[in-house]
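Report on the following structure.
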Amino acid sequence: MKVIHLHHQENELIQLAVESNRQAQQRIYVQFSPKMLSVCRQYIKDIHQAEDIMITAFMKVFTNLKNFEHKGSFEGWIRRIMVNECISFIRVQKKIRYLEEENYFEESFNTIESQFSVDEIQFLIDTLPDGYKMVFNLYAIEGFKHQEIAIMLGIKEGTSKSQLSHARKMLQGQLNKLKNYDNGTE
Amino acid sequence: MEPNKLELQFKEKLNSREIQPSEMTWNKLDAMLTDAEKPKAKFPWMYVAASFVGFLLLGTFYFNQKGNTMNNSKVVLENPVAPPTTVGPDKRLKAAKEQEKGLVFTVVPKSKSRTNAAPILKEKGASNGSMRNQEVALLIKNNSQEDTTIGTIATNSNDELPPKSKYISAEQLLAQVSNTKSKTSLAAIAIEKTRKGVEVNANRLLSEAETELNQSFRASALDRLNKNFNTIKTVLVNRNYTE
């Protein structure tokens, strides 16, 4: 009963926001902005730039709110807009060249049982080049398939796979460094 | 290439993370939203509306002008004063006669100056003189009806009067009267001839009048257009100034 009530409340809030009710818009913003800034931060290293992108994406959320069909979760819909905005920003700002390699090894992480903090994870992701970072984030964090990633980034499916392989290889190297640092070997 | 445990850990931790944005971000978004809510294309629409009204005015003026020219041509066709090609010789004669009748008063003084009959009659103070004068006038009035007989009368008339004759016979007086009559009729014929010489082309006159009308209408239309343009301009300027 509580879930239904919350869902009903969210729908009412969305309806008010569609009608340009500023209070409703602010409530949506306050509710989702911390999570969405975290999403933007995964892709953009600079927090101020990430904030700007988040604002632009929220603008798109409010202007296209009438198109929300209430089929999936509202948070998922906003998150998708954030991810698209981050990708388009990176694609416009930085000219990324994807190396198309036919022969690549399917890298996978060695089983590392140690737990990492969020800041450490973010640090590891930040070390990746933008191309690797985007594919890794889209695949590993957002859960998109290679086919979807290829469409989103305008690349071939194989390129997406090779990019993920390279990203994993690079991350493995960084994780080994961290492990050695923790063990005091470095 | 399935996501392994480490990647799942990454996902879990990153998805549960929350970064509080700075307080300024909402103000920025608020400003952007208010900007977006303002009617954007108000000013361009005003331009479009103004240009549309302008074209409408131009169109109405153009069609009005066309309509006027068409009406004028209709007037030409329906005019009872037909061009000379349609007028028959009988009708021309009638018109000439009517014109002559209208010019009776201008002919009479000329006849007086040319003939000495009237002054002489007055000098003599004869009671019959005034009567005869009236008769002369009547004869001049009716001279158009007797055009055919004028020639024969004119041949019999005597131009010269005795300068200092005390007594004037009735025959002489009659001769004088016939002389004046013939002279006035001759003068009328001369006028008619000159009138015939100056042929008036009805078509040309109508076309001239038409062009004058068109020019005057064009000038007035331009004036109105200028006035409307100025009013629209001032309204737009005022509006911009207030905004």
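State the number of residues belonging to region A:145-163 that are touching a Phe, Trp or Tyr at 6+ places or on another chain (Cβ under 6 Å) and assigned to a loop (DSSP other than H, G, I, E, B). Summing the residues that are touching a Phe, Trp or Tyr at 6+ places or on another chain (Cβ under 6 Å) and assigned to a loop (DSSP other than H, G, I, E, B) in region A:145-163 gives 1. Checking each residue in region B:223-242 for being among the β-branched types (Val, Ile, Thr) and open to solvent by less than 100 Å² (accessible area, probe 1.4 Å) picks out B:231, B:232, B:234, B:235, B:237. Residues in region A:55-79 that are in contact (Cβ under 8 Å) with a residue 12 or more places away in the chain, within 13 Å of chain B (Cβ to nearest Cβ) and among the hydrophobic types (A, V, I, L, M, F, W, C): A:57, A:58, A:61, A:62, A:65. Step by step: first the residues of region B:13-29, then only those that are within 7 Å of chain A (Cβ to nearest Cβ) and outside any loop (DSSP other than H, G, I, E, B), then the one that is most open to solvent (accessible area, probe 1.4 Å). Which residue is that? It comes out as B:28.
Residue-by-condition table, conditions (1) touching a strand residue (DSSP E or B) at 6+ places or on another chain (Cβ under 8 Å); (2) closer than 17 Å to residue B:56 by Cβ; (3) acidic (Asp, Glu):
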position	(1), (2), (3)
B:204	no, no, no
B:212	no, no, yes
B:215	no, no, no
B:218	no, no, no
B:222	no, yes, no
B:225	no, yes, no
B:231	no, yes, no
B:237	no, no, no
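If you go through region A:37-51 one residue at a time, do you hit one that is of a type in the set (Asp, Glu) and either open to solvent by less than 50 Å² (accessible area, probe 1.4 Å) or at pLDDT 95 or above (or both)? Yes: region A:37-51 contains one or more residues that are of a type in the set (Asp, Glu) and either open to solvent by less than 50 Å² (accessible area, probe 1.4 Å) or at pLDDT 95 or above (or both). Consider region A:29-43 and keep the residues that are without any contact (Cβ under 8 Å) to a residue 24 or more places away in the chain and more than 11 Å from the chain's Cα centre (by Cα). The one that is farthest from residue A:63 (Cα to Cα) is A:34.
Residue-wise test of (1) open to solvent by 30 Å² or more (accessible area, probe 1.4 Å); (2) in a helix (DSSP H, G or I); (3) touching a strand residue (DSSP E or B) at 6+ places or on another chain (Cβ under 7 Å); (4) at pLDDT below 85.
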| site | (1), (2), (3), (4) |
| --- | --- |
| A:100 | yes, no, no, yes |
| A:107 | yes, no, no, yes |
| A:121 | no, yes, no, no |
| A:135 | no, yes, no, no |
| A:140 | no, yes, no, no |
| A:143 | yes, no, no, no |
| A:165 | no, yes, no, no |
| A:169 | yes, yes, no, no |
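The values are calculated or read from the model by the stated rules, or taken from the named source; none is laboratory data. Computed from a prediction, not measured in an experiment: that's the story for all the values here. Here the Cβ is made from the backbone with ideal geometry for all residues, glycine too, and neighbour counts use every protein chain on show. Each accessible area value is taken on the protein alone, full model and side chains, heavy atoms only, with ligands, DNA and RNA left out. Shrake-Rupley method; radii C 1.70, N 1.55, O 1.52, S 1.80 Å.
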